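Colleague: Please find one structure pasted underneath; my questions will follow.
The values are calculated or read from the model by the stated rules, or taken from the named source; none is laboratory data. Small disclaimer: the values here were computed from a predicted structure and weren't measured. Don't worry about glycine lacking a Cβ; one is built from the backbone with ideal geometry, like all the others, and counts go over all protein chains shown. For accessibility, only protein heavy atoms count, side chains too; no ligands or nucleic acids. Shrake-Rupley method; radii C 1.70, N 1.55, O 1.52, S 1.80 Å.
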Amino acid sequence: MYDINKVREDFPILSREVYGKPLVYLDNGATTQKPRQVVEAMVDEYYNVNANVHRGVHFLSQQATDLHEASREVVRTFINAHSTNEIIFTRGTTESINLLAFSLGEAMVKEGDEVVVSAMEHHSNIVPWQMMCKRKGAQLRVIPMTDEGELQLSVFEGLLTERTRIVCCTQVSNVLGTVNPVKEIVRIAHEKSIPVLVDGAQSVPHMRVDMQDLDCDFFAFSGHKIYGPTGVGVLYGKEAWLEKLPPYQGGGEMIKNVTFEKTTYNELPYKFEAGTPDYVATHALATALAYVSSLGMENIEAHEQELTRYALERLQRIEGMRILGAAKERDAVISFLVGDIHHLDMGTLLDRLGIAVRTGHHCAEPLMKRLGIEGTVRASFALYNTKEEVDALVEGIEKIRKMF
Ligand code: PLP
């Protein structure tokens with residue numbers, strides 16, 4: 001069984017206080033806290049193994065390289081990719097998408113071509129595509145959504161033309177919590193031989209993802225949102241696609257031979273990994289993935305779904321509560337507004353009660369515009385959150401509501 005008290009013991013930060021109140025950390029969509037195991041893996045590597053990877057013949061370099069490459073295999077298994085050649089280490093989701101937008105743009109986007117994104121994307125799955133479109137003279141097309149926060153798939157089909165070069169869609173909205181039918185989106189796009197990038201930043205921490213089952217062509221996620229360190233993430237790409245794309249950055253690691261006249265590139269995945277990777281972070285990311293696997297992704301999902309149901313039910317009873325989005329399939333993220341209390345005031349006052357939530361546009365300004373608002377308060381849950389913490393949030397909101 002899922003022993004929440006035992007799980008919480010793995011996260012030292014959860015027992016600290018802020019403003020003399022027990023910390024209630026509900027900003028997990030922004031970043032998650034780190035279990036002891038992850039921090040200890042980093043400390044251990046810096047104390048006992050540290051050396052640059054791939055280049056050295058000496059013992060430490062080989063040991064660091066082994067840890068780094070073993071981490072790639074851990075990631076491959078975790079997302080059920082076909083091969084480690086398909087796992088590119090990046091700095092995070094944002095860099096993964098920038099890499100893809102650049103390389104795919106160079107390889108196959110021409111004037112008049114189109115890129116399809118959804119109405120609920122994070123800026124990091126809009127702006128890199130917009131920049132590439134500007135460079136290439138291409139256009140962005142947007143999959144619209146309903147007022148409930150569900151993508152309109154019938155409209156989506158109609159957006160796909162012979163000029164569409166890629167479809168980019170988040171698996172889980174970081175604002176509405178909507179779980180998008182990405183498998184269906186992939187199926188529809190593939191009927192027209194169009195590749196699909198899935199932004200997994202908000203899905204990977206909460207549900208099992210399987211590249212071979214989803215069949216998407218590219219998938220991006222960040223280590224720090226799944227209990228790993230900051231500064232490391234992954235771009236998954238089908239090998240056949242990655243073979244076709246040119247490198248993103250030049251430098252060490254990504255080359256086979258260099259002369260002043262010509263450079264030949266390294267094989268996958270190194271072609272896309274210029275420079276010294278954050279090999280301590282990749283090892284720590286693998287430790288984080290091993291940690292969630294040991295708890296069981298199904299158990300984590302069940303725990304968080306139960307918590308989300310409980311929170312929705314309690315929050316809905318608050319006078320003046322407006323929860324944004326009402327998708328049938330939803331994840332552990334709840335955005336809300338209460339009466340005419342400004343989201344920033346609500347967030348600041350909750351903070352004084354020890355409750356950490358996020359406020360603002362959540363890097364999704366086009367979605368805010370679609371909803372006709374400037375921002376929301378967002379509570380997002382993780383594997384260590386409890387019903388008592390949801391109660392604290394609800395009581396905190398009630399207290400603040402009465403003050404206004
Ligand atoms: N995509 C989504 C859906 C997100 O929620 C986030 C971060 O909040 C990102 C992308 C960007 O992630 P990162 O800042 O780790 O690159």
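Colleague: Please report the antiparallel percentage of the DSSP beta bridges confined to the range 47-182, to the nearest 5.
Modeller: The answer is about 20 percent antiparallel.
Colleague: Let me ask you something else. What is the distance, in nm, between label points placed 7 Å from the Cα along the Cα-to-Cβ direction at Ile373 and at Trp241?
Modeller: Distance between label points: 3.2 nm.
Colleague: Could you give the distance between the Cα centres of the range 232-267 and the range 141-192, to the whole Å?
Modeller: Their Cα centres are 30 Å away from one another.
Colleague: What FRET efficiency comes out for Asp345 versus Gln130 if R0 is 41 angstrom and r is the Cβ-Cβ distance? Round to the nearest 0.05.
Modeller: After rounding to 0.05, the efficiency reads 0.80.
Colleague: Calculate how many DSSP beta bridges within the chain are antiparallel, expressed in % of all such bridges and rounded to the nearest 5.
Modeller: That works out to approximately 60 percent antiparallel.
Colleague: Another question, if that's okay. Full-extension gain between Lys387 and Met321, please, as 0.36 nm times their residue separation minus the C-alpha to C-alpha distance.
Modeller: Contour length minus the Cα-Cα distance gives 21.8 nm.
Colleague: Give, in nm to one decimal, the length gained when the segment between Ser193 and Gln139 is fully stretched (0.36 nm per residue of separation minus the Cα-Cα distance).
Modeller: Extending this stretch completely gives an extra 17.6 nm.
Colleague: Here's a follow-up. For the chain, build the charge dipole from Cβ charges (+1 Lys, Arg; -1 Asp, Glu) around the Cα centre, then report which of Met120, Tyr265, Phe89 sits farthest towards its positive end.
Modeller: Result: Met120, furthest along the dipole toward the positive end.
Colleague: Taking the Cβ of Val186 as the center, what net charge do the other residues with Cβ under 14 Å away carry, scoring Lys and Arg +1 and Asp and Glu -1?
Modeller: -4
Colleague: Any idea how far apart Glu111 and Thr259 come out in nm if each label point goes 7 Å out from Cα toward Cβ?
Modeller: According to this spin-label approximation, the distance is 3.6 nm.
Colleague: With springs connecting C-alpha atoms under 10 Å apart, model the chain as a Gaussian network and identify which of Cys133, Cys363, Cys216 has the largest mean-square fluctuation.
Modeller: Largest GNM mean-square fluctuation: Cys363.
Colleague: In what sequence, largest accessible area first, do Tyr265, Tyr2 appear using a 1.4 Å probe?
Modeller: Listed by decreasing accessible area, they come as Tyr265, Tyr2.
Colleague: Between the range 310-336 and the range 31-77, what is the separation of their alpha carbon centroids in Å?
Modeller: A separation of 40 Å, based on Cα centres.
Colleague: Can you pull out the chymotrypsin sites (Phe, Trp or Tyr not before Pro) in the range 16-100 whose DSSP state is coil and whose Cβ has at most 10 other Cβ atoms within 10 Å?
Modeller: Taking the range 16-100 and a limit of 10 other Cβ atoms within 10 Å, the loop chymotrypsin sites (Phe, Trp or Tyr not before Pro) found are Tyr19.
Colleague: Under 5 Å between amide hydrogens, which residues at least 5 positions from Glu114 or on another chain qualify, with H placed 1.01 Å from N in the peptide plane?
Modeller: Gln139, Thr164, Arg165
Colleague: Something else now. Sorted from largest to smallest, which semi-axis lengths in Å does the alpha carbon gyration tensor of the range 40-293 give for its equivalent ellipsoid, taking the root of 5 times each eigenvalue?
Modeller: The answer is 32, 22, 14 Å, longest axis first.
Colleague: With a Förster radius of 22 Å, plug the Cβ-Cβ distance of Gln249 and Ala30 into 1/(1 + (r/R0)^6) and report the FRET value to the nearest 0.05.
Modeller: The formula returns an efficiency of 0.25 here.
Colleague: Helix-only estimate, please: 222 nm mean residue ellipticity of the chain, summing -39500 (n - 2.57) across DSSP H runs of length 4 or more and dividing by its residues, to the nearest 500.
Modeller: Dividing the helical sum by the residues of the chain leaves -12500 deg cm²/dmol.
Colleague: Describe numerically, in nm with one decimal, the distance between label points set 7 Å from Cα along Cα→Cβ at Leu312 and at Val18.
Modeller: 2.6
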